[in-house]
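The next block holds one structure in the form of structure tokens; read it before the comments.
The values are calculated or read from the model by the stated rules, or taken from the named source; none is laboratory data. These numbers come from a predicted model, not from an experiment. When we count neighbours, we look across all protein chains shown, and the Cβ atoms used for this are built from the backbone with ideal geometry, even at glycine. To get the accessible areas, we keep the full protein, side chains included, count just its heavy atoms, and leave off ligands, DNA and RNA. Shrake-Rupley method; radii C 1.70, N 1.55, O 1.52, S 1.80 Å.
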Number of protein chains: 6
Amino acid sequence: MRCPLIHLNLHIIMSDQGIWLTTLKAETPQKGFELAIKLSRMGVKYTQPDMEVLHRLRPKYAEDPMALTAASQVIAIHYQTIAAANNYWK
Amino acid sequence: MRCPLIHLNLHIIMSDQGIWLTTLKAETPQKGFELAIKLSRMGVKYTQPDMEVLHRLRPKYAEDPMALTAASQVIAIHYQTIAAANNYWK
Amino acid sequence: MRCPLIHLNLHIIMSDQGIWLTTLKAETPQKGFELAIKLSRMGVKYTQPDMEVLHRLRPKYAEDPMALTAASQVIAIHYQTIAAANNYWK
Amino acid sequence: MRCPLIHLNLHIIMSDQGIWLTTLKAETPQKGFELAIKLSRMGVKYTQPDMEVLHRLRPKYAEDPMALTAASQVIAIHYQTIAAANNYWK
Amino acid sequence: MRCPLIHLNLHIIMSDQGIWLTTLKAETPQKGFELAIKLSRMGVKYTQPDMEVLHRLRPKYAEDPMALTAASQVIAIHYQTIAAANNYWK
Amino acid sequence: MRCPLIHLNLHIIMSDQGIWLTTLKAETPQKGFELAIKLSRMGVKYTQPDMEVLHRLRPKYAEDPMALTAASQVIAIHYQTIAAANNYWK
């Protein structure tokens, strides 16, 4: 496994992902939240593109609420961006 | 358990949640705070939708103030978003 | 103890807290800072409303500056919100 | 020691601190940075006002760059607030 | 290895990196996301410019979703900056 | 060693640092990034001004990508401030 944020071969990885994000616009606050989850997940996938490693990691932290809380935090940060992009659905 | 942020089957999970967020508007700063808690919690629930796992995790960290502090931090981040959405209730 | 951010019975907990936040306005930057501390603390209290558990947790981390630093960080995040709400007391 | 963010007797603690913050204005970006450090430190002091405990904690983490990095992070968050309050010294 | 954020010989390191960032503009939200990844990675590279050390670190945390989540968080913070720089691609 | 954020003798430390920051303006996005690194590093240096301790800490975390990721995160937070100060180099 590559170590997170170290020595990514970004050009290859990026071309591997295809087009997955064309707009930050979301119809509703909830759809915006779900987009924030997608961004959080893609941050992981770009960092560790080896799907086999990702599969192997699944059972880990099964008993670790800290990991779930950390995931929720990444989502919260992305949600700030998306809410701003949608003018907070005002 | 799925590992946080790894390999979510987002389409299925998202359709499972129903409609739970239609607006970021909140009548008062306190109701906005409570909405921030809801968003924080939903970040966990989308990440780990298996309720049985969530139940099993409950007793964990019973002695861990760090986990409570981390939870309070996620709430604080979402509260920034909600406060902005409500023009800080000015 | 309930695990942070997992499975809160929000409706009951929220009605238990009474009215504790009616405005983000603070007379001075210092009073705003103290309000940020209050918000940080309430994030913990909503997450773990069982006062007996909270009491039991007190002696923990007595030797842990990391926990104090983490608490200071939550306060800093809320202070951003409150400072914005008060137009930075300009 | 009280656990961070749990069960602070805020009224007593706050009156104990005296007046320490009257403005977020700083003459220069550097003085603003130093004010951010002060805010970070006060977040700790409000959370753990027992000076004897704080003294006892000093030698800890002597070998822990993570703690220093975490401290630097709290400062960075407060610096965002102070820089905004000073219109980024533009 | 130098300890993160401690005692960087910044002048030498910075001149070593060449020109790698001339604009925060990105054509699409996805390209902006990929720029955020680049910034996250450069934050590591400036902090630890010894490529041999970076190579040695790779196999570590192979089983650590927390590290992947932390990486995703850094990306999320940089993405806020880049999205703002691009007016959220509105 | 003093514990991070605890009991800094700020007046002495601050006068020890000399003038190191006179503006948040940076000519290019890259120079702004390098300024963010400097701010991150100064946050550590103010917190632990004892250079001998800092030297002793260097070899630590040699195998710890988490520490590098955490450093990258502090840089990201400061970069938000600096980018805003430079109107995102628009």
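Worth pointing out:
- Residue-averaged beta-carbon neighbours from other chains (10 angstrom radius) around D:24-35: 5
- Inter-copy label distances at E:Val53, using a point 7 Å along Cα-to-Cβ, come to 2.0, 2.0, 3.6, 3.6, 4.1 nm with the shortest given first.
- Remark: label point of A:Thr23 defined 7 Å out from Cα along the Cα-Cβ vector; separations to the same position in other copies 2.3, 2.3, 4.1, 4.1, 4.7 nm, ascending.
- Pairwise burial F:E, computed as accessible area of each alone minus the pair, summed, 1.4 Å, Å²: 3700 Å²
- Average beta carbon contacts from partner chains per residue of A:43-53, 10 Å cutoff: 6
- Links that overshoot a 21 Å alpha carbon limit, given the list E:Lys45/F:Lys38; D:Lys31/F:Lys25; D:Lys90/E:Lys90; A:Lys25/B:Lys45; A:Lys38/A:Lys90: D:Lys90/E:Lys90; A:Lys25/B:Lys45; A:Lys38/A:Lys90
- Each copy carries C:Asn87; placing its label point 7 Å along the C-beta direction from Cα gives inter-copy distances of 1.3, 1.3, 2.2, 2.3, 2.6 nm, listed from smallest up.
- Each of the peptides B:18-25, A:43-50, E:22-29 was scored by the mean count of other Cβ atoms within 10 Å over its residues; in descending order, highest first, they stand as A:43-50, E:22-29, B:18-25.
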